[in-house]
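All of the numbers you see were taken from the coordinates with simple rules; none came from a lab. Just so you know, these numbers come straight off a predicted model, no measurement behind them. Quick reminder, even Gly has a Cβ in these numbers, built from the backbone with ideal geometry, and neighbours come from all protein chains shown.
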Amino acid sequence: MELSIVIPCFNEESRIKKSFEQIVLYIKNNNYDTELVFINDGSRDQTLSILNSLVKNISNNKLIKAKIITYKMNKGKGFAIKQGLMHSTKELILICDADLSTPIEELERLKKYIKNYDLVIGSRKQGDSVVVLPQPPMREFLGKSFSYMSKVILAVNINDFTCGFKLFKRKSAKIIADKMTINRWGYDSEILKIATVLGLKIKEIGIFWKNDKGTKVKLSYDIFFSFIDLMRIYINNKFNRYG
Ligand SMILES: Nc1nc2c(ncn2[C@@H]2O[C@H](COP(=O)(O)OP(=O)(O)O)[C@@H](O)[C@H]2O)c(=O)[nH]1
Ligand SMILES: [Mg+2]
């Protein structure tokens, strides 16, 4: 299998090494021809130097290639994901969080469906989802409200919009990335709206998810702007910008 793994990183100095090692181990065990695409989104800690040395350590590995896209200003996860999708070159493209809240092995579940779909997304809201450590109650409530509003306002029939574990066929990743405009947290809903407007086939799959306490989401601020993003997506769609 040919695979790109896109990992957005913002101030991940304490989490990225462990996740990197887990991903490399998984790739070796499965013999996947893999490209790792790290986006260092204006981190203000040691993320970049840690990434540089991790990538250097695997530079002799035939199975794994890695690239780091880096810029000085923090632009947001949506912007970082867009860069990652645009710079990915393999047949299948996975986006996943740097904390591996969804363990990389869960790709095996998504992979089974990608042949028949354009986009297969991890979900914490399916019958067979396993959520070990839920998010704090307020965050979970706001997350659910956001998914519910995305579903109703954007008319997209998905239950969990914001799980950071999504698998794309290259072609769908490219057309979606080309149309993405949301730089911050509302980007998930935009991806799924674009996919729906373009008539791409989406499959939502239950995955294992374990909350990591080190979140960078600032509840009031980020959630407020996510709802503004939702309105922007709605308006973009009304003006036919995703078609
Ligand atoms: N590019 C980018 N990525 C971010 C930003 N904030 C968080 N992330 C990344 O998004 C992923 C999930 O972040 P996290 O803080 O764990 O969010 P949570 O799990 O939804 O609470 C991680 O890979 C982070 O590095 C940001 O401002 N820019
Ligand atoms: Mg997290």
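Using only alpha carbon pairs under 8 Å that are at least six residues apart, calculate the relative contact order of the chain and give it in whole percent.
Worked out over the chain, it gives 23 percent.
May I have the extent of the alpha carbons of region 162-243 along their three principal axes, as whole Å values ordered from largest to smallest?
For region 162-243, the Cα extents along the three principal axes come out at 38, 28, 17 Å.
Given the C-alpha atoms of the chain, compute the convex hull and give its volume per residue in Å³.
114 Å³
Of Lys72/Lys151; Lys72/Lys203; Lys201/Lys238; Lys56/Lys144, which pairs sit farther than 32 Å apart, going by alpha carbon to alpha carbon?
Lys72/Lys151; Lys72/Lys203; Lys56/Lys144
What pairs from Lys77/Lys210; Lys112/Lys210; Lys17/Lys193 go past 31 Å between their alpha carbons?
Lys17/Lys193
In degrees, nearest 10, range 0 to 90: what is the angle between the Cα axis of helix 47-57 and the longest Cα principal axis of the chain?
The two axes meet at around 50 degrees.
Could you work out how far apart the two model spin labels at Phe141 and Glu108 are, taking each label as a point 7 Å from the Cα in the direction of the beta carbon, and quote it in nm?
About 3.8 nm, to one decimal.
For the chain, what is the percent of antiparallel DSSP beta bridges, rounded to the nearest 5?
20 percent
Got a sec? Which residues in region 199-219 would a label at Arg44 touch, if it sits 7 Å along Cα→Cβ and we count backbone N under 17 Å?
Residues 215-219 qualify, since their backbone N sits under 17 Å from the label point.
Distance in nm between label sites at Ile235 and Lys17, each 7 Å beyond Cα in the beta-carbon direction?
In this crude label model, Ile235 to Lys17 measures out at 4.6 nm.
Quickly work out the Lys210-to-Tyr148 label distance, labels modelled 7 Å from Cα along the C-beta direction, and quote it in nm with one decimal.
Placing both labels 7 Å beyond Cα along the Cβ direction yields 3.0 nm.
Straight-line reach from Lys62: which lysines fall under 16 Å, measuring Cα to Cα and dropping same-chain residues less than 8 apart?
Lys28, Lys90
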